[in-house]
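Some notes on the structure that comes next.
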Amino acid sequence: MQNPMMKLFVVAVLSCLALVGCKNGGDANGSADGGSDLAQPVTILERVNGDSAALKTIGKMHIETKAQYDALGDANIFPGEIDFDANDLVIVALGEQSTGGYSITIESIQLQGGELAVTGKASAPGPDAITTQALTYPYSAVLIANTSADLIVTHLE
């Protein structure tokens, strides 16, 4: 990694999103009572990757209500109407980037105990890449069935 901006990008993403991967306070199986918390895959019903100025900061969101979604201020984050009685929206955003060429994709989600473990892939332009010189706000959003689980990001490559 020769490009200092690429190093900063990787450090920022890993710092903000992967820190929550160390929540295990129990035994080697992942549960405090000695049992096993087997991960259950969560079906992704729809997925969107895009760019939205409403998502200016690096972060992750588990949107469970229309009010939460409307508070984002950008009706174009996910196309069409979302039935929040049946579905939730999970969003992972890279925050403001100084050029084009950045992207993020949620690849899978698993239910681990009472938490959603999100796995994704982030990419940045290479040091010699030709990019648009404009602020961008890359994000990935997926629609899943309703859940009361908390959101964590376990792995972002």
Of all residues in the stretch 110-157, which are in contact with a Phe, Trp or Tyr (Cβ under 8 Å, 6 or more places away or on another chain), farther than 19 Å from residue 53 by Cα and aliphatic (A, V, I, L, M)? 143
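Take residue 154 and decide whether it is outside any strand (DSSP E or B) and over 21 Å from residue 96 (Cα atoms). Explain how you work it out, then say what you get.
Numbers: outside any strand (DSSP E or B): no; over 21 Å from residue 96 (Cα atoms): yes.
Taking the combined requirement at face value, the residue does not satisfy it.
Conditions (1) more than 22 Å from residue 108 (Cβ to Cβ); (2) at pLDDT 60 or above; (3) among the aromatic types (Phe, Trp, Tyr), marked per residue:
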site: 2; (1), (2), (3): yes, no, no
site: 14; (1), (2), (3): no, no, no
site: 39; (1), (2), (3): no, yes, no
site: 51; (1), (2), (3): yes, yes, no
site: 61; (1), (2), (3): no, yes, no
Could you look through the stretch 124-157, keep only residues that are of a type in the set (S, T, N, Q) and open to solvent by 10 Å² or more (accessible area, probe 1.4 Å), and pick out the one that is nearest to residue 57 (Cα to Cα)? 136
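Scanning the stretch 48-64 for residues that are out of contact with any Ser or Thr (no Cβ under 7 Å at 6 or more places or on another chain) and open to solvent by 60 Å² or more (accessible area, probe 1.4 Å), which turns out nearest to residue 152 (Cα to Cα)?
Pass one, the stretch 48-64, residues out of contact with any Ser or Thr (no Cβ under 7 Å at 6 or more places or on another chain): 48, 50, 52-64.
Those left that are additionally open to solvent by 60 Å² or more (accessible area, probe 1.4 Å): 56-57, 60, 64.
Details: 56: 19, 57: 17, 60: 8, 64: 15 Å.
Restricting to residues being out of contact with any Ser or Thr (no Cβ under 7 Å at 6 or more places or on another chain) and open to solvent by 60 Å² or more (accessible area, probe 1.4 Å), the top hit is 60.
Would you say residue 117 is closer than 19 Å to residue 157 by Cα and touching a Leu at 6+ places or on another chain (Cβ under 6 Å)? Can you show your working first?
Details: closer than 19 Å to residue 157 by Cα: yes; touching a Leu at 6+ places or on another chain (Cβ under 6 Å): no.
Spelling it out, it is not the case that residue 117 is closer than 19 Å to residue 157 by Cα and touching a Leu at 6+ places or on another chain (Cβ under 6 Å).
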Sole miss for residue 68 among (1) surrounded by fewer than 13 Cβ atoms within 10 Å (Cβ to Cβ); (2) part of a helix (DSSP H, G or I) is condition (1)
Matching residues, the stretch 78-110, being part of a loop (DSSP other than H, G, I, E, B) and not charged (D, E, K, R): 78, 79, 80, 82, 84, 86, 95, 98, 99, 100, 101, 102
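Consider residue 75 carefully, then state whether it is open to solvent by 50 Å² or more (accessible area, probe 1.4 Å) and not in a strand (DSSP E or B).
yes
The values are calculated or read from the model by the stated rules, or taken from the named source; none is laboratory data. Only a predicted model underlies this, so the values are computations on that prediction, with no experimental measurement involved. All Cβ positions, even for glycine, are placed from backbone atoms using ideal geometry, and neighbour counts span all protein chains on display. Protein only, heavy atoms only, side chains kept; ligands, DNA and RNA dropped before computing areas. Shrake-Rupley method; radii C 1.70, N 1.55, O 1.52, S 1.80 Å.
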